[in-house]
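Have a look at the structure below, then the notes.
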Amino acid sequence: MSLSIRNLRKSYIEPTGRRLPILNVESFEIASAEQVVLVGSSGGGKTTLLNVIAGITSADSGSVTIDGVDVTSLPEAGRDRFRAQRIGYVFQTFHLLPAFTALENVLLGMSFSGRKADRHRAAELLKRVGLGQRLDHRPTALSVGEQQRVAVARSLANSPSLLLADEPTANVDTANQDHILELIRGACTEHGVSLLMVTHSRDVASRFDRIENLSDFNRPEVAA
Amino acid sequence: MTLLAIAWKSMRQRSLSSLLTALSVALGVMLMVAVLVINGIVSDTFRQKGTGFNLIISSPGSDLATVLSCVYRIGLPGEPLPWRFYEEDILKNPAIESAIPMTMGDATQAGGFPIVGTTAEFFGMEYEPGKHFRVKGQDPRKLLTGPFDAIIGDRVARENGWDLGSEFSLIHGGMDDHVHDEKFKVVGILAMTGTANDKTVFVNLDGFFSMSGHDKPATEALKRLRDFGYEVTPQQEQTLLKAAAELAHHGEEEAAGDHAGHEHHGHFHSLPNDLKEVSFILVRTKRPAQAIMLTAEINEGVRAMAVNPIRPMARFLDNFVGSIRTVLLFLTALIVVVAGVGIFVSIYNSMADRRREIAIMRALGAQRVTVMLIILGESLLLCLSGGLLGFTLGHGLVFVAAPFIESRAGILVNPFKFELLEIALLPMLLVMAILAGVLPGLAAYRTDVASSLSD
Ligand SMILES: Nc1ncnc2c1ncn2[C@@H]1O[C@H](COP(=O)(O)OP(=O)(O)OP(=O)(O)O)[C@@H](O)[C@H]1O
Ligand SMILES: [Mg+2]
């Protein structure tokens, strides 16, 4: 099993002090090299779930186990390192660093993993997503679709075993949407990476063998 | 990418403000370096550790002016002393081992180097404890024999391009345009001493006296001798007046243009002793302790003054130059500190905009400590690049200013001079970088990833 979630709870504290429960997942699993698409209503907690899996947001209780490692029990620094080395994440809003070129953004992804930043490999990844001619462009000099592809290249930089993708095909036209989807799925198939991808597009979702609706396994309203 | 490379690239976003803050550090460091180096040059120049003599005897006045003029050859000497004082009071004093007369006041026409009229005995003295004058392997004491012989310092030779056999003219002291007719000839070039002797031209005392204008008018000389309390018999007075009249006659002949057939520096008229004067007498007592007694003895009277050749300058440097240095260093350090505050403000202000940047790095797997180090690295880069620039500019400033200081102050300046204390700037800049970067660094450390990402 690549990813396994048990009794995961997450709630936010509102400014008024009231608890706002978002996640209550009893069990959720993804097998090795499996590709899963996650759908659900806006504000349902999809991004929150991805952030908890990545260790960016900490859970209130329960466990997230990735490749046999219970990441929820790791100290923060350990979770950071695990995220850098094992998890790829295409953020909903790309999160490219404006001060860095496309190439440097990919290199930055490598820098924090403790491995040597490999310029050649970074350039290769950008070529694969069709940005071979855009290596030295800053994000502001790239179209939205191009930025999204840089984000995809960066997420693959450290050869992760689990790839999280938060609506990577939003904001782009259908041609680009198909291209990005192919890139992500192709890379995952090629390297046996497990994929959890969020989308709002029925069309995109329909191409996956396994479609999960968050509301089917998440019952935040059920009290602990 | 290394953390410093990340810090550097992230700084490009704010290149103008980064450049300006680094420049402000550079400015402060430049001034500090300049103060340190110039002060070092001044101290080196004026902190001669010793001389071959342990007393200078001059006419009464400022001891510092006497030392400056006699040892460092800066400024004109005071009122001269009659030759009789040298011969009868000083030479005959039983405490004295050697006493060397010295006249000053003229300068070379080329380059304006100070002229010292003295005897060959001068070169028998050590110029600093344990160091003897050398003239390309020869003994300088055997060189200054002819009346118009000259021995020149190393720097004089280099700057004026003079060599053995070169001839030169003197400008009469205090009068810019009066060039003496007599020409002196270089018979020896001193090896470098690292003292004011390097920029001095030593001429034979007799030749110096023989030049027109270096003899005291007879009536004045007589008055001065009597002021000093010497007895002048009517017979002596007659002889003196007669000799003076003869000299004046010679002078007129020369002035009338009767130069034909003369060898240029050939005419040497010996001067009666009572028309001679010396600027300083360099004295070495037989035992060091005697210097104290001799000083007391001489300073008791009003005719002359005995001065330690080292102490007035050391006192001046410690009290005056030292305090000025402290004040200047304090002020320039303040500029550096203000620049450090500038770095802090610049980085701290940028932190609000960079919460997202930091959160993204964290989301990519950077640890809290890592992002903190990146911010510290930025502060470090600003301080060190500013420091390096300031260091270069500071030495550049000294390099450019060196000729001006030399011509204005008569101090020899090594434009490549490096002060050991400059090394202390490095830890100072490091500490400043850490102080300026630590608060923004902590802000980076505390950045909450999830909430900052969604901003
Ligand atoms: N840091 C936070 N503090 C408080 N509430 C939050 C925070 N982050 C998200 N929420 C709330 O949690 C809920 C789930 O948000 P989340 O971003 O996970 O939804 P989502 O399913 O990804 O929605 P979308 O499809 O629009 O991206 C929302 O109601 C949101 O307002
Ligand atoms: Mg979302």
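The values are calculated or read from the model by the stated rules, or taken from the named source; none is laboratory data. Just so you know, these numbers come straight off a predicted model, no measurement behind them. Every residue, glycine as well, gets a Cβ built from its backbone with ideal geometry; the counts of neighbours run over all protein chains shown. Just the protein is used for accessible areas: all its heavy atoms, side chains included, with ligands, DNA and RNA removed. Shrake-Rupley method; radii C 1.70, N 1.55, O 1.52, S 1.80 Å.
Solvent exposure of the range A:1-128, expressed per residue, is 41 Å² of accessible area, with all protein chains present and a 1.4 angstrom probe. Helix B:322-363 and the longest principal axis of the C-alpha atoms of chain B enclose an angle of approximately 20°. The percentage of C-alpha pairs in the protein assembly as shown whose separation is greater than 41 Å is 54%.
Of the GluC sites (Glu not before Pro) in the range B:168-245, the ones in a loop by DSSP (not H, G, I, E or B) with at most 13 other beta carbons within 10 Å are B:E231. Between the Cα long axis of helix B:15-46 and the first principal axis of chain B there is an angle of about 30°, rounded to the nearest 10.
For q values of 0.07, 0.14 Å⁻¹, compute log₁₀ I(q)/I(0) with the Debye formula on a Cα-only model of chain B, without solvent. Log-scaled intensity ratios, in q order: -0.53, -1.24. In the context of the full set of protein chains, residues of the range B:55-308 present 46 Å² of accessible surface per residue (probe radius 1.4 Å, heavy atoms only). Residues of the range A:84-106 that become at least 30 Å² less accessible with every protein chain present than in their own chain isolated, using 1.4 Å: which are they? When all protein chains are present, A:F91, A:H95, A:L97, A:P98, A:A99, A:F100, A:E104 each give up 30 Å² or more of accessible surface. Dividing the Cα radius of gyration of the range B:55-308 by 2.2 N^0.38 Å, with N the residue count, gives 1.01.
For the range B:55-308, the number of Lys pairs separated by eight or more positions or lying on different chains, with C-alpha atoms closer than 15 Å, is 4.
Once B binds A, the 1.4 Å probe can no longer reach about 2200 Å² of accessible area, counting both sides.
The distance between label points at B:E97 and A:D173 comes to 10.2 nm (points 7 Å beyond Cα on the Cα→Cβ vector). To the nearest 10 degrees, how steeply does helix B:368-409 sit against the main Cα axis of chain B, on a 0 to 90 scale? Value to nearest ten degrees: 20.
Taking a quarter of the surface of the Cα convex hull of the range B:1-68, what do you get in nm²?
Quarter of the Cα hull surface area: 8.7 nm².
Using a probe radius of 1.4 angstrom, the carbon and sulfur fraction of the accessible surface of the range B:55-308 is 51%.
For the range B:273-356, the pair-distance distribution built from all alpha carbon pairs, in bins 5 Å wide starting at 0, is 3, 10, 10, 11, 10, 8, 6, 6, 6, 5, 5, 4, 4, 4, 3, 3, 1, 0, 0 percent. Among the trypsin sites (Lys or Arg not before Pro) in the range A:1-105, those placed in a DSSP loop whose Cβ has at most 16 other Cβ atoms within 10 Å are A:R18.
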